[in-house]
Amino acid sequence: MVVTSIDFGKSGKQQGFLQVPYSHNLGGWANVFIPITVVGQGHGPTVLILAGNHGDEYQGQIAIMKLARELDPERVKGRIILIPSLNFPAAHAATRLSPLDGMNMNRAFPGQPEGPVTSQIAHFLTTVLFPLADTVIDIHSGGRSMEFVPCSTMHLVADRAQRARMLAAMLAWNADFAFLYADIAGTGLLPVEAENQGKLVVTTEMGGGEAVPAEVHRITQNGLRNVLIHLGAIEGREHTRASLGKPPTILTQALHREDYLLAPESGIFEIGLDLGSKVKRGQTVGFIHHLERPDRAPEPLVAQSAGYLITMRAPCLTQQGDCVAVIAQPVSARALRGN
Ligand SMILES: [Zn+2]
């Protein structure tokens with residue numbers, strides 16, 4: 001059902017839209033327009049770069065818009081497909097989920113060809129764009145709900161060769177931290193669908209909240225370019241942490257449910273530690289203050305594992321069951337490669 005004027009086999013730079021049919025009260029034959037840019041020569045490896053999977057995550061949307069304007073087709077080796085605001089209705093509304101159908105794009109895969117708008121977009125990626133791509137880059141941040149240490153991320157895929165390539169690309173982002181995460185909140189994720197199709201998948205959590213520091217934009221934009229050089233998709237000299245005069249990236253993982261601290265009750269969340277700092281098992285990470293009973297002592301949130309505070313809840317007002325902090329354990333690249 002999704003149509004586009006883009007010819008994916010054509011050389012040069014094309015700017016167009018994915019058009020998704022959407023009928024509403026004041027528009028019977030309406031379409032949702034999702035901007036897309038394709039740059040390159042139509043042959044060689046293909047890199048698909050996405051952001052705005054969640055509409056309230058802006059770092060990647062800005063990085064892709066800038067890259068799409070700047071990329072010279074003559075300097076692209078292969079083909080780069082750029083979609084800055086994948087869940088366009090959500091990006092327009094500054095929401096995590098689509099305002100049209102209430103769906104989470106990152107739980108909508110593989111999607112349905114005649115489903116709601118979000119599901120149709122997912123289906124188009126699953127059946128058209130992923131099969132074209134060798135690499136899929138999906139740039140996230142914590143949005144309005146979480147604040148992350150800016151980090152590149154990945155799943156621990158079972159295929160060792162795929163895992164090694166993903167690990168190398170994740171590290172090419174050159175962030176201070178890299179983070180392996182577990183899917184504790186459901187299925188239907190975009191990266192999982194791309195991984196199942198055998199793609200090299202690179203994801204990120206580039207900070208969060210709505211006030212994005214300039215440094216986080218720099219990490220996002222410089223990291224994306226360096227990963228493209230690392231992949232051989234654009235010309236340029238690859239930077240490493242060492243060449244930038246920085247210590248190695250701290251590799252971390254949070255693969256167990258107890259690494260994800262959930263609020264035991266509602267109230268006002270106070271973080272007690274700095275993001276990225278080391279945490280001991282049993283250490284108090286923060287508190288839930290009782291809005292209605294300030295005379296009661298706040299409820300402490302205690303780390304169930306040791307590691308680094310990789311992310312915290314962004315809004316202070318918290319509902320019972322909200323994730324308020326994640327503790328990620330250090331892990332070696334050798335252990336991740338499985339040798
Ligand atoms: Zn996200």
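Within the range 180-189, does at least one residue satisfy the condition of being aromatic (Phe, Trp, Tyr) and either in a helix (DSSP H, G or I) or more than 22 Å from Pro110 (Cβ to Cβ) (or both)? There is no residue in the range 180-189 that is aromatic (Phe, Trp, Tyr) and either in a helix (DSSP H, G or I) or more than 22 Å from Pro110 (Cβ to Cβ) (or both). In a residue-by-residue description of the range 98-106, the property of being in a helix (DSSP H, G or I) and polar (S, T, N, Q) applies to at least one position.
To keep it simple, each residue is scored yes or no on (1) touching a Leu at 6+ places or on another chain (Cβ under 7 Å); (2) part of a strand (DSSP E or B); (3) closer than 30 Å to Gly209 by Cα.
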position: Phe8; (1), (2), (3): yes, no, no
position: Phe17; (1), (2), (3): no, yes, yes
position: Phe33; (1), (2), (3): no, yes, yes
position: Val39; (1), (2), (3): yes, yes, no
position: Ile62; (1), (2), (3): no, no, yes
position: Leu67; (1), (2), (3): yes, no, yes
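The lone criterion from (1) closer than 25 Å to Arg334 by Cα; (2) modelled with pLDDT of 95 or more; (3) within 16 Å of the ligand (Cβ to nearest atom) left unmet by Gly143 is number (1).
So, in the range 190-220, exactly how many residues are more than 16 Å from the ligand (Cβ to nearest atom) and assigned to a loop (DSSP other than H, G, I, E, B)? Give the steps one after another, and end with the answer.
Initial filter on the range 190-220 (more than 16 Å from the ligand (Cβ to nearest atom)): 195-200, 211, 213-215, 217-219.
Now narrow it down to the ones that are assigned to a loop (DSSP other than H, G, I, E, B): 197-199, 211, 213.
Total meeting the criteria: 5.
Condition check for Gln59 on (1) within 21 Å of the chain's Cα centre (by Cα); (2) over 22 Å from Val3 (Cβ atoms); (3) away from the ligand (no atom under 16 Å from the Cβ): one failure, at (3). Restricting attention to the range 32-49, and to residues there that are within 26 Å of the chain's Cα centre (by Cα) and of a type outside the set (Val, Ile, Thr), which single residue is nearest to Asp138 (Cα to Cα)? Among those that are within 26 Å of the chain's Cα centre (by Cα) and of a type outside the set (Val, Ile, Thr), it is Leu48. Among the candidates Thr135, Thr118, Thr126, the residue that is buried (at least 23 other Cβ atoms within 10 Å of the Cβ) and away from the ligand (no atom under 15 Å from the Cβ) is uniquely Thr135.
Just to check your reading of the model, which residue among Val47, Val38, Val2 is away from the ligand (no atom under 16 Å from the Cβ) and either at pLDDT below 95 or over 25 Å from Val227 (Cα atoms) (or both)? Being away from the ligand (no atom under 16 Å from the Cβ) and either at pLDDT below 95 or over 25 Å from Val227 (Cα atoms) (or both) holds for just one of Val47, Val38, Val2, which is Val2.
The values are calculated or read from the model by the stated rules, or taken from the named source; none is laboratory data. These figures come from a predicted structure and were not determined experimentally. Virtual Cβ from ideal backbone geometry, glycine too; neighbours counted across all protein chains shown.
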